[in-house]
1. I'd like to check something: does segment 164-180 contain any residue that is in contact (Cβ under 8 Å) with a residue 60 or more places away in the chain, open to solvent by less than 50 Å² (accessible area, probe 1.4 Å) and assigned to a strand (DSSP E or B)?
2. Just to be sure before I move on: is SER284 touching a helix residue (DSSP H, G or I) at 6+ places or on another chain (Cβ under 6 Å) and within 21 Å of TYR364 (Cα to Cα) in the structure I sent?
3. Check segment 125-135 and report whether any residue there is open to solvent by 10 Å² or more (accessible area, probe 1.4 Å) and touching a Ser or Thr at 6+ places or on another chain (Cβ under 7 Å).
4. In segment 206-239, what residues are open to solvent by 10 Å² or more (accessible area, probe 1.4 Å) and part of a helix (DSSP H, G or I)?
5. Here is a list: ALA294, ALA312, ALA288. Which entry is surrounded by 22 or more Cβ atoms within 10 Å (Cβ to Cβ), modelled with pLDDT under 95, out of contact with any Lys or Arg (no Cβ under 9 Å at 6 or more places or on another chain) and in the same structural domain as SER91 (by the TED database)?
6. Any chance you could count how many residues in segment 255-281 are part of a loop (DSSP other than H, G, I, E, B) and open to solvent by 30 Å² or more (accessible area, probe 1.4 Å)?
7. Cβ-Cβ distance below 7 Å, separation of 6 or more or different chains: which pairs start in segment 147-163 with a residue that is farther than 18 Å from VAL191 by Cβ and end on one that is assigned to a loop (DSSP other than H, G, I, E, B) and among the basic types (Lys, Arg)?
8. For segment 32-82, give me the residue count where each residue is closer than 30 Å to ASP201 by Cα and open to solvent by less than 40 Å² (accessible area, probe 1.4 Å).
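The values are calculated or read from the model by the stated rules, or taken from the named source; none is laboratory data. It should be emphasised that the depicted structure is a prediction, and the values quoted were computed from it without experimental measurement. No Cβ is skipped: glycine too gets one built from the backbone with ideal geometry, and neighbour counts run over all protein chains shown. When the accessible area is computed, the model is the full protein with side chains, heavy atoms only, and any ligands, DNA or RNA have been set aside. Shrake-Rupley method; radii C 1.70, N 1.55, O 1.52, S 1.80 Å.
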Amino acid sequence: MPSDNVKLIYKALGFFVPYLGRLALQRVAATYHSWTWHDTPDARNVVVVGGSFAGLELVKRLAETLPTGWRVVWVEKNSHLNYSFNFPRFSVMTGHEHEAFIPYDGVARGAPKGIFRRVQDTAVTVREKQVVLASGELVNYDFLVIATGSSQPLPVQVVATEREDACHELQGVQSAIRDSQRIAVVGGGAVGVELAGDIKDFYPDKDVTLVHSRDRLMSNFGERLGKYALVALRDELGIRVLLNERPSMPAQGNMARSTSLTFSDGREETFDLIIGCTGQRPNSSLLADLLPDAVSKENARILVRPTLQVQAAESAAADTRIFALGDVAEHGGPRMARAGWMQSNVVLDNILSMIRGSAPTHTYTPHVFIEGAIKLTLGKTHNVVYAMESDGSDIMVPARNNRLDLGIERAWRAYGVRDQFKQVE
């Protein structure tokens, strides 16, 4: 039997070799597009609401492909991309928090002038053919794409919309951790596991407890990863791990100081700091007025067809021009950045088809192995790559990485602002 390392390389090559070929063709086509697209005063709008990974990728591709007579308008509240992969690490490690907030300056670099407009504002609601912004501005759309993601409190996400304020939020988490001795992290998913591991590895003398409601860590992934993470945290780092416990978070909120948790056997324990890493909430409310039936009553995600067009009784027509993708959509795939990237291609192809007068025939089929793969940190330098097939088979490859900043410079390069990374170091 081939080792997990060999399987991972084989699977990765099978995906990335064709992907890199498509990427090269896209670059050539984008260059040609920049020469041939012409600005017109009556250009029609494809409006994308929301940034992060799915929306950002779609905006970039639309700016490279929309025909003359069309432009992309991007409504995004933040001045920057929240590179949330690094939030657990930079919530503990000081002096690098600014690197987790990547400026949007390079989004449409190289696109023809006039094809792209960015509006830094918050979308409040959607009307027929219009998006209403918090500032009162109305943005007309011919196509609308909702990529608003989901919300969680610190340290999973920040509230601030400007980079300097966002840095202050992470610095606040760093200070709270530094000043506390007994710390409880509630939630044994990826963020909770990574945060607990980093706290204990950067501050070995602190007492760290990880609390999880299920019978194994990383319960949205395969059993093998959960067992591996448990051993790494409990046996290697010395973290106390409590499973099958669902204590209520204190009334103080997600970052609660000098308070207690009550466990299933009735005992109450006091901690200097309790950090919650649970409770993801889809940002779907802006559709509530126009298409209330399109928002799931069970999980508040936006219901979509395989074409990623919004599905509701009021939008039953096959040519509906509202799409949703990423964490806000009920698409049946992994809730990971790579899944959002894949979905952006589906939405792009369908919008271009409809602009040409054809039916939207491109559908989203999850590639579970690639889209659902995770690289999980388990302390400063220990990490593990894990991926699962749809049939339940999996691979797991432990590794060591001495880059304490987790190679964040690569992300700045990918988003076209590597020159600014050097300026913020």
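1. no
2. Details: touching a helix residue (DSSP H, G or I) at 6+ places or on another chain (Cβ under 6 Å): yes; within 21 Å of TYR364 (Cα to Cα): yes.
Yes.
3. Initial filter on segment 125-135 (open to solvent by 10 Å² or more (accessible area, probe 1.4 Å)): 125, 127-130, 132, 134-135.
Checking which are touching a Ser or Thr at 6+ places or on another chain (Cβ under 7 Å) leaves us with 132, 134.
So far as segment 125-135 goes, yes, one or more of its residues are open to solvent by 10 Å² or more (accessible area, probe 1.4 Å) and touching a Ser or Thr at 6+ places or on another chain (Cβ under 7 Å).
4. Residues satisfying the conditions are GLU223, ARG224, LYS227, TYR228, LEU230, VAL231, ARG234, ASP235, GLU236, LEU237.
5. ALA294
6. Looking only at that region, the number is 7.
7. Listed pairs, sorted by first residue: THR161/LYS77.
8. Our first condition is that a residue be closer than 30 Å to ASP201 by Cα; within segment 32-82, this holds for 52-53, 80-82.
Still in the list and also open to solvent by less than 40 Å² (accessible area, probe 1.4 Å): 53, 80-82.
So the answer is 4.
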